[in-house]
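Step one of this worksheet: look at the structure below.
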Amino acid sequence: MTHWKAVVVFFCVPVCASAQTAFKPCEDLKSEIAKKLEAKGVTGYTLTIVDKGKESEGKIVGSCNGGAQSIVYQRTTSASQPQPAKEKKP
C-alpha cells in the first residue's frame, strides 16, 4: 500500500504546481519575465499582455490568467542605440 501512496504523490505534485503557475496574474508574470531579460542584459524590447488567440507581432513568452491571456515579447529599435554603419564597396 505504501507504493501506491508514493505513486499518487509522484503524479499529483507536478499537476498542482502547474495549476498554480497557470493562474498567475499577468502583471506578476510580466515583471518576472522583464527581470530575467534585464539580468541577461537584453535591452530594446516591449512586453505586451494580449488576449489569447489575438494576432500580434512578436513571440509569445508566457501565458497567464488561467491561459486566457498571453505575454508577447517584441524587439524595438531605439534612436539612442547606434546603428552599424554599412560598408561601402569600391
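Derivation of every value follows stated rules applied to the coordinates shown; laboratory data play no part. Everything numeric in this text was worked out from a predicted model, so none of it was measured.
Let me know the shape class of region 21-75, please: from the alpha-carbon gyration tensor, a ≥ b ≥ c as square roots of the eigenvalues, rounded when a/c is under 1.5, otherwise prolate if a/b is greater than b/c, or oblate.
Oblate, since a/c reaches 1.5 and b/c is not below a/b.
From the phi of every residue in region 44-60, what ³J(HN,Hα) in whole Hz does the Karplus formula 6.51 cos²θ - 1.76 cosθ + 1.60 yield, where θ is phi - 60° and glycine or proline is x?
In residue order, the calculated couplings are x, 9, 10, 10, 10, 8, 10, 5, 4, x, 6, 6, 7, 7, x, 10, 6 Hz.
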